[in-house]
1. Which pairs in the list K41/K150; K102/K207; K8/K74; K31/K74; K194/K221; K8/K153 are over 25 Å apart, alpha-carbon to alpha-carbon?
2. Relative contact order, percent, of the chain when contacts are C-alpha pairs under 8 Å separated by at least 6 residues?
3. Please give the calculated 222 nm ellipticity per residue for the chain, where each DSSP H segment of at least 4 residues contributes -39500 (n - 2.57) and the sum is spread over every residue; nearest 500 deg cm²/dmol?
4. Explain nothing, just the number: dipole magnitude of the chain about its Cα centre with +1 on each Lys and Arg Cβ and -1 on each Asp and Glu Cβ, in debye rounded to the nearest 20.
5. Would you mind putting 146-153, 73-80 in packing order, based on average other-beta-carbon counts within 10 Å, highest first?
6. In terms of the Cα gyration tensor, with a ≥ b ≥ c the square roots of its eigenvalues, is the chain rounded because a/c is under 1.5, prolate because a/b exceeds b/c, or oblate?
7. Considering only N51, L190, P104, whose Cα is most displaced toward the positive end of the charge dipole of segment 46-199, charges sitting on Cβ of Lys, Arg (+1) and Asp, Glu (-1)?
8. Can you list residues whose amide H is under 5 Å from I90's amide H, if they're 5+ apart or on another chain and H is modeled 1.01 Å from N?
Amino acid sequence: MELTSVLKFLENRTILVTGATGFLAKIFVEKILRVQPNVKKLYLLLRAKDNKAALQRFNTEAVAKDLFKLLREKYGANLNTFISEKATIIPGDITCENLGVKDPNLVEEMWREVDVIVNIAATTNFDVRYDVALDLNTFGAIFVLDFAKKCSKLKVLLHVSTAFVSGEKAGLILETPYNMGETLNGTSGLDIDKEKKVLEETLKQLKVEGSSENSITSAMKELGIERARKYGWPNTYVFTKAMGEMLLGNLKEDIPLVILRPTIITSTFQEPFPGWVEGIRTIDSLAVGYGKGKLTCFLGDPKAVIDVIPADMVVNAMIVSMMAHADERGSQIIYQVGSSVSNPIDFTSLQDYGLRYFRENPWINKDGKPVIVGKVTVLSTMDSFHRYMALHYLLPLKVLEIVNTTLCQYFQGKYLELHRKINFVMRLIDLYGPYLFFKGIFDDMNTEKLRRAAKEAGIEIDVFNFDPKSINWEDYFMDTHVPGVVKYVFK
Ligand SMILES: NC(=O)c1ccc[n+]([C@@H]2O[C@H](COP(=O)([O-])OP(=O)(O)OC[C@H]3O[C@@H](n4cnc5c(N)ncnc54)[C@H](OP(=O)(O)O)[C@@H]3O)[C@@H](O)[C@H]2O)c1
């Protein structure tokens, strides 16, 4: 690992970014354009039907956002010209050959020009169809690798994966690559081609039976969870990401490969400004539910360490790591980017910050009234959650069912609505439960070594800070993250 100036490394480089309208990708793109305007070219691949639609998507979903406000201040009316000089927005799809890029001349140009590929595209939905997730998170990564192999001057392929939570694994989760067929619970027999066959056969069978689109979607979601849990992963998303890593490691040949596994990504800590975030992400659903007065209980082990990391630190780690491993032919390195080892924060503290923030700054609802929040019941085990649900929801549902039957379905609408809501909550708990009771922490020794090497080499660590020890969590949650969620996510 040889470290030089990151800014110099970026100068005159051509970088291909997949999934360019995603949360993390936009922060990455903004950062590069802001700190190194002399980057040669960014090829930004995103899903759209043609060039015009792609450009429009990038403009509305990225450039028009607050995230780009420093660049807007700097370039004013010339921002669009600057972006069009530096970025080529490309309609594409990583589940297709040549990443779905239709123009053969552009494909040739990319193979000639690209120095770095950053694969960020993914489905991050925990409750996703197995066929969708396998095509994208597992085989999509291989289409990106195949593309990388054709890029004649490629220096490095950076693949963004995810830190893997498993209910069955506690203690230190290592920054080690997966071997083909390795599982989290030791169950043998994981074979990625077989997974593809299992799902194709299930789909075929469902079609033969004339199943509706809705039933096929439900069956595909169930199949993903079933296969993931068989091998020790809590959901389809992380399972398919893990298989993507396995294939990349196995098929990379001499491509320098960096796999970066962030933990739970939260709003920006510092850059381009503190508190930018988008969409309701994992732990933020708790903040939104609580702040709006809709959450009556919290579920989770109070002592569990919740590993969170601000998005700009993830982006900084991505940029420094791609520079550090450029041209290391055939190498593979894993970086877990999180906080649970360096600067852990527990569930109780997170709850406390949320409670205090909304007591001091109540959310004003659409009727213009402040939502007064109180203490919530904390359910610290799954058993206590099931008892709580039985008493507060399942029992009233049963009573409603009896009354409804007695009154000739008079309350049918109400009954079905309550039933649907309870099923939804149970599904969420099934999917998120493993995270709330997770007993592991994520080793970040490789990331720490990278931080130290960057510091010793005197590279621009103030511009590319990814040290979670520099975060005071109370300040961050009270003054940055929760206000950011309120500003950008509360509707
Ligand atoms: N957010 C987190 O807390 C977190 C934590 C750990 C790891 N990660 C990883 O970080 C990466 C980025 O996550 P994120 O939170 O930024 O997710 P995100 O906002 O959902 O972004 C994912 C992007 O991928 C694009 N995409 C989906 N299918 C595609 C395809 N077939 N071809 C090209 N692009 C496609 C999506 O575009 P469309 O709009 O067209 O669907 C979307 O813009 C992912 O790899 C994820 O696994 C995220």
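1. K102/K207
2. Dividing the mean separation by the residue count of the chain yields 19 percent.
3. When only DSSP H runs of four or more count, the value is -13500 deg cm²/dmol.
4. Roughly 1140 debye, rounded to the nearest 20.
5. So the order, starting with the most tightly packed, is 146-153, 73-80.
6. Judged from the Cα gyration tensor, the chain comes out prolate (a/c at least 1.5, a/b above b/c).
7. It is N51, whose Cα lies furthest towards the positive end.
8. Excluding prolines and chain starts, which carry no amide H, the hits are L44, L45, L46.
Only the coordinates and a few stated rules stand behind these numbers; no lab work does. Note that the coordinates shown come from a computational prediction; the quantities given were computed from them, not determined experimentally. Cβ coordinates were reconstructed from backbone atoms using ideal geometry, including for glycine residues, and neighbour counts include every protein chain displayed.
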